[in-house]
1. Just tell me the longest site-free run in the chain, where the sites are trypsin sites (Lys or Arg not before Pro) in a DSSP loop having at most 12 other beta-carbon atoms within 10 Å.
2. Net charge within 14 Å of residue 105 by Cβ-Cβ distance, Lys/Arg positive one each and Asp/Glu negative one each, not counting residue 105 itself?
3. Translational diffusion coefficient, Stokes-Einstein: compute it for the chain using the Kirkwood radius over C-alpha pairs as Rh, at 20 °C and 1.002 mPa s, and state it as an integer in µm² s⁻¹.
4. What is the sum of charges, Lys and Arg at +1 and Asp and Glu at -1, for the other residues whose Cβ falls under 14 Å from the Cβ of residue 94?
5. Which longest run of the chain has no exposed loop site in it, a site being chymotrypsin sites (Phe, Trp or Tyr not before Pro) in a DSSP loop with at most 10 other beta carbons within 10 Å, and the site itself not part of the run?
6. Name the GluC sites (Glu not before Pro) in the range 11-60 that are in a loop by DSSP and that have at most 14 other C-beta atoms within 10 Å, would you?
7. How large is ³J(HN,Hα) for each residue in the range 103-117, as worked out from phi by the Karplus curve 6.51 cos²θ - 1.76 cosθ + 1.60 (θ = phi - 60°), to whole Hz, x for Gly and Pro?
Amino acid sequence: MVFQYTNAFVTIASVNFDKLVNFYTKLLEQKPVPLIPNVYAEFNLVSMRLSIFKPKNTNESEFESNAKSKISLCLEVSNLEDAIAHLTTLGYPPPGKISIASHGREIYAYDPDGNRLILYQPARGSH
């Protein structure tokens, strides 16, 4: 028997479910489908699914920790300045400056729960 993965997606657990769903609805400019209020929301992007769920047992410190995560949600954008302006309008301006990386220009930002976002605009010819 051969085992094969058939799909993968990123999931964020949040006790601040409504706030996070509202943030990503505005950031991604789409409504989650499916949406189970106060339980689960899923955003379907071109090459990825992002889901948010509310943990059933919110007493577990695992989901309430304020420790910085080592995982980042990287979002490719066509215009980095427009993406920064959009985040700023949502009330979550990136705290740093644009940096240049081998793959293009990027900036770090954070969602309402403090999850790291990396917005990047690819360098011309890097795709």
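1. Details: sites that count: 56, 68, 70, 97, 124.
In the chain, the maximal stretch lacking such sites is 1-55.
2. Working: positive: 97, 124; negative: 76, 81, 82, 106.
Computed value for this residue: -2.
3. Details: Rh = 16.0 Å.
Translational D for this selection: 134 µm²/s.
4. Values: positive: 97, 105, 116; negative: 81, 82, 106, 111.
Around residue 94, the charge tally is -1.
5. Values: sites that count: 3, 5.
In the chain, the maximal stretch lacking such sites is 6-127.
6. Details: sites: 29, 42, 60; in loops: 29, 60.
Filter output for the range 11-60: 29, 60.
7. 9, x, 9, 8, 8, 8, 9, 9, 7, x, 8, x, 5, 6, 10
Here, each number is a calculation from the coordinates, and none is a lab measurement. Everything quoted here is computed from the prediction, not taken from an experiment. Every residue, glycine among them, receives a Cβ derived from its backbone with ideal geometry; neighbour counts consider all protein chains shown.
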